[in-house]
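Below is one structure, written out as C-alpha cells, with a few remarks after it.
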Amino acid sequence: MPEPTLRRMRRIALLGATGSIGRQAIEVISAHPELELVAAASGSKAIEGLAPHTQVGGDLVELLERSEPDLVLNAVVGFAGLPATLWALEHGVDLALANKESLVAAGELALAAHSRGGALLIPVDSEHSAAFQCLEGRDPGSIHSLVITASGGPFRGRVRDELLEVTRDEALAHPTWSMGRKITVDSATLANKGLELIEAHFLFALPYEQIDVVVHPTSVVHAIVRFRDGASLAHLGYPDMRVPISFALTYPKRAATPIPELDLAAGLTLEFHEPDLETFTLLALAREAGERGGTAPCAYNAANEVAVEAFLDGRLPFLGIAEVVGDTLGAVSGEPARTLDELVEADTEARALAERSLAPA
Ligand code: NAD
Ligand code: MG
C-alpha cells in the first residue's frame, strides 16, 4: 500500500544539529523527501553546507528569522535553547521540542507565548511524545493521572553510600539510551526525570499530584495514562529516539521508520518500581520546585546545569550535584518572572548562587 504523503514540503530548522538528537533528526529528515532541512545550527562545530542557512553559535533567533521555517526542532542542550523556543511559540511556528530545559525554566511565559502564537507544540522527549499520543483527543476530565517511566540510569538500585566515589565515566555509561553528556548525567542523578516531571506539568496542564514517576529498567513502556474508569493506556516501543523525532517531524502522518516492530514472541519484561527518592534527591527536589512554582523550576534547572558542568570537569563529586541544587533552591526567592528579562535575571542569580555553593569558603 502506498504511504500517504504530507500535502506539501515541511521546511525544518534544526537547532543543535551536531548533537545526539540533531544527528538522528538528520537521518529522519534524509529519509523523507517531503521534509526539507532549511536551517541548521550548532554550538561550536562547523556545519557549513548542511543546510541552505547555517549558523555556529550566536543568536538562533536571527537564523530562524532568516530561514522562515515551518517547523523548528529545538535540540539545543540547556537554557541556551530558550530564545528559540519562545520565538517559535510566539510566532506561531510549529515547535518540536527536545530542549526540555527551556520549557522547565520558562513555564508560564512559554505557555502564554504558545497560546498567542497558536501553532503546534510537539514534544520530542520520549516519555512526553508517548504521553502526547495517549492523551491526544481525550477529555481532560476523564484523566486520572499520567505516569512517566525512568530507566533508573546506571546507578539504579544503589544507595547513597554506594555513590560517594562514582566517577564521570560510570555516570556516563547509560544502560538503555545513548545521548549527549548533560542528559546522560541527568539520567544518572534522576534530575532528568525531575526536569521531565516539570515538563509534563506544563505540556499537559496536569497538576503535580496527577503525575507519577516509576522506574522501569528496560525503557520499553514510555508513558501510561490512567483514566477515571479504571482503564490505562500505555505507549510501548524500543528505546530509540528516532521514533519520537519522526513522530514530531511528520505529525500527524506517523511516517514509517526503520525501527523494528515490538517482538512479543521474544519476550518482554515489564517491571516497574518506586523511585528511591532518598538516594536520588534531585527527583524529589524537582517536584518541590515545581509545586513551589514561580522561578523555582528555573533555579532548579540553572543550578543543575552549573553543577553538572562542574561534575563533568571533575570539580564536584557526583552527590555534590544534588547538594548544589538544594542549596540554590534554598537561597532563591522563586518570585514569578513577568517578562523574559526577569526570567533571565532569575537564571543568572541561580547560576551565581550555584557557583558559590560549588566553592564553599
Ligand atoms: P548533545 O549535547 O548531544 O547536543 C547538543 C547540541 O546543542 C549540539 O549540537 C550543540 O552544538 C548544540 N548547542 C549547545 N549550545 C548551543 C548554543 N548556545 N547555540 C546553538 N547550539 C548549541 O545533546 P542531546 O543529547 O542531543 O540533547 C539535546 C536536548 O534534547 C537536551 O535538552 C536533552 O535534554 C534533550 N533530549 C535528548 C535526548 C537524547 O536521547 N539525546 C532524549 C530526550 C531529550
Ligand atoms: Mg526522556
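Observations on the structure shown:
- Here the calculated FRET efficiency for R158 and R181, from their Cβ-Cβ distance with R0 = 22 Å, stands at 0.60, rounded to the nearest 0.05.
- Cβ charges +1 (Lys, Arg) and -1 (Asp, Glu), total dipole of the chain, debye: 740
- Nearest-0.05 FRET efficiency for E261 and S145, computed from C-beta distance (R0 35 Å): 0.75
- Gained length - E165 relative to E27, 0.36 nm times residue gap less alpha-carbon distance: 45.9 nm
- Cβ-derived FRET efficiency at R0 41 Å, A112 paired with A359, nearest 0.05: 0.65
- Stokes-Einstein diffusion coefficient of region 237-361, Kirkwood radius over Cα pairs, 4 °C, 1.567 mPa s, in µm²/s: 75
- Label zone of E335 (point 7 Å out along Cα→Cβ, amide N under 14 Å): in region 288-327 this covers 294-296.
- In a fully extended conformation the segment linking R315 and M9 would gain 105.4 nm over its present Cα-Cα distance, using 0.36 nm per residue.
- Considering only beta bridges that DSSP places wholly inside the chain, some 30 percent are antiparallel.
- Approximate shape of region 55-136 as ellipsoid semi-axes (Cα gyration tensor, √5λ), whole Å, largest first: 20, 14, 12
- Estimated at 0.36 nm per residue, the fully extended path between D229 and A46 surpasses their Cα-Cα distance by 60.5 nm.
- Per residue, the accessible area of the chain comes to 44 Å², computed with a 1.4 Å probe over protein heavy atoms only.
- Qualifying chymotrypsin sites (Phe, Trp or Tyr not before Pro) for region 222-280 [loop in DSSP, other Cβ within 10 Å: at most 16]: F272
- Region 130-201: C-alpha pair distances exceeding 17 Å, %: 52
- Relative contact order %, the chain, counting alpha carbon pairs below 8 Å whose residues are six or more apart: 15
- Cα gyration tensor, the chain - rounded (a/c under 1.5), prolate or oblate: rounded
- Lysines whose Cα lies under 23 Å from that of K182, excluding same-chain neighbours fewer than 8 positions away: K45, K100, K193
- Filtered trypsin sites (Lys or Arg not before Pro), region 172-279: DSSP coil and at most 13 other beta carbons within 10 Å: R228, R254
- Across the chain, the longest run free of exposed loop sites, meaning GluC sites (Glu not before Pro) lying outside DSSP classes H, G, I, E and B with no more than 16 other Cβ atoms within 10 Å, spans 166-260.
- Cβ-based net charge around E27, under 14 Å, with every Lys or Arg adding one and every Asp or Glu removing one: +1
- Percentage of interatomic Cα-Cα distances in region 114-255 larger than 27 Å: 25
- In range of the label at T348: residues from region 88-111 whose backbone nitrogen is under 15 Å from the point 7 Å along Cα→Cβ: none
- Working note: 222 nm ellipticity from helices only, DSSP H runs with n ≥ 4, each -39,500 (n - 2.57), summed and divided by the residues of the chain, gives -13000 deg cm²/dmol to the nearest 500.
- Square roots of 5 times each gyration tensor eigenvalue, C-alpha, region 226-276, largest first, Å: 24, 18, 13
The values are calculated or read from the model by the stated rules, or taken from the named source; none is laboratory data. Since the model is a prediction, treat every value here as computed from it, not as a measurement. For neighbour counting, all protein chains shown are included, and Cβ atoms are generated from backbone atoms with ideal geometry for every residue, glycine included. Heads up: the accessible areas ignore ligands, DNA and RNA and are worked out on the full protein's heavy atoms, side chains in. Shrake-Rupley method; radii C 1.70, N 1.55, O 1.52, S 1.80 Å.
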